[in-house]
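The structure appears right after this line, and notes come after that.
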Amino acid sequence: MPPAFRSELNSLRTYVPPKSWRMAAEGKADDYAKLTSNELAFGPLPEAEAALSEVLPRANRSPDSHVSRLREVIAGANAGAETRNVLVGNGSSEVLLNALQLLPAGGEIVYPWPSFSLYLTLDVVRDLAAALPHHVLLILDEAYVEFVDDPAYGDSHTLALETENVVVARTFSKAHGLAGLRCGYGIAPARIADYAERVRFPVSVNLAAQVAATASMMAEEKVRARAEFVVGERARLQEAFGRAGLDNIPSQGNFVMVGFEAAEFEKSGILVREGGALGYPGWSRVTVGNSEENDRVVEAVSSGGGRGA
Ligand SMILES: *Cc1c(COP(=O)(O)O)cnc(C)c1O
């Protein structure tokens, strides 16, 4: 008899990576613009790269399990936050997981789907938080916060500092361009951060992730400049979609949902996320890329799709 496993695992399947990851692994994606996963088109900032080179010779040592330096820098970048308000994790995925691990078994999780079509201003979220029973944990996934240009959304982390049941989760995987290193953080009331640290695997944030994220956070101005570039290019894509008569959803992230088939983009040498997987069959989610990649997108929709067609 093999070991018995938890029966609720039987219905789960292993994660199916986006097509562009599989193609990249097989060396087949080189000629394509990879606009699938909402990664930044640029590599880590030079500051992050320098920090990585500097610590490599010390990779024989275990990382700081408390992630102290990064927590300080994160607290410093979020007015009103102290290090005791900061959660860290192997990507914001682990921050979200740790927050969920605090809740008693048998509860319910409620989440919007597709989450990107829900636009809540900070005032609406504040009202929602105030209306919730105190035993309900409100988790705000702010993976795209750096790309928000609508002032109605500003300073959301203050909500986590004003209340007892709000966690804001953020990541170094998007605007900071560090998706490959796996580092995320959260801002939360001190009690939640304390409990989250009890369930976190002590060395989940590795040495490379810690130093690169710290250096990148300290170069906040440069991250902001890159985010501004993305916001400008996002507007350019949305205008092009509009001119081509394509439906699209106004975005505050580094991606745009557009009513244009992924297969058509692929003919133009562009890989995007198929809308079907997100509840929008026939649509595509296009990550804002670098200038040349975005040119290619504009050209694809302007010519009605199909390279050489
Ligand atoms: C990219 C993304 C994240 C970030 O995940 P990491 O684990 O930090 O890489 C979180 N939430 C959403 C909605 C995202 O799109």
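At-a-glance table
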{"item": "Residue that is nearest to the chain's Cα centre (by Cα) [pool: residues in the stretch 104-131 that are surrounded by 14 or more Cβ atoms within 10 Å (Cβ to Cβ) and in a loop (DSSP other than H, G, I, E, B)]", "result": "Pro114"}
{"item": "Sole exception among (1) touching a strand residue (DSSP E or B) at 6+ places or on another chain (Cβ under 8 Å); (2) under 30 Å from Asn294 (Cα atoms); (3) among the aliphatic types (A, V, I, L, M) for Leu87, by number", "result": "(2)"}
{"item": "Among residues of the stretch 42-84, those that are farther than 30 Å from Thr163 by Cα and either in a helix (DSSP H, G or I) or in contact with a strand residue (DSSP E or B) (Cβ under 8 Å, 6 or more places away or on another chain) (or both), counted", "result": "13"}
{"item": "Entirely in the stretch 203-293, the helices (runs of 4 or more DSSP H) that have 3 or more residues that are under 30 Å from Ala59 (Cα atoms) and not hydrophobic (A, V, I, L, M, F, W, C)", "result": "207-218, 220-243"}
{"item": "Per-region count, the stretch 177-200, residues more than 10 Å from the ligand (Cβ to nearest atom), out of contact with any Lys or Arg (no Cβ under 8 Å at 6 or more places or on another chain) and outside any helix (DSSP H, G or I)", "result": "3"}
{"item": "Ser7, sole failed condition from (1) more than 16 Å from the ligand (Cβ to nearest atom); (2) modelled with pLDDT of 95 or more; (3) of a type outside the set (A, V, I, L, M, F, W, C)", "result": "(2)"}
{"item": "Identity of the residue in the stretch 132-165, of a type in the set (Asp, Glu) and within 15 Å of the ligand (Cβ to nearest atom), that ends up surrounded by the most Cβ atoms within 10 Å (Cβ to Cβ)", "result": "Glu146"}
{"item": "Positions within the stretch 10-33 being of a type in the set (A, V, I, L, M, F, W, C), part of a loop (DSSP other than H, G, I, E, B) and loosely packed, with under 15 Cβ neighbours inside 10 Å, in sequence order", "result": "Leu12, Val16"}
{"item": "Residue in the stretch 234-244 that is basic (Lys, Arg) and free of Cβ contacts under 8 Å to residues at least 24 places away in the same chain present", "result": "no"}
{"item": "Residue among Asn60, Asn38 that is polar (S, T, N, Q) and within 16 Å of the ligand (Cβ to nearest atom)", "result": "Asn38"}
{"item": "Unmet criterion (only one of (1) of a type outside the set (Asp, Glu); (2) free of Cβ contacts under 8 Å to residues at least 12 places away in the same chain; (3) within 24 Å of Gly89 (Cβ to Cβ)) for Phe229", "result": "(3)"}
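The values are calculated or read from the model by the stated rules, or taken from the named source; none is laboratory data. As the structure is a prediction and not an experimental result, all values here were calculated from the model. Methodologically, a virtual Cβ is constructed for each residue, glycine included, from the backbone with ideal geometry; neighbour enumeration extends over all protein chains shown.
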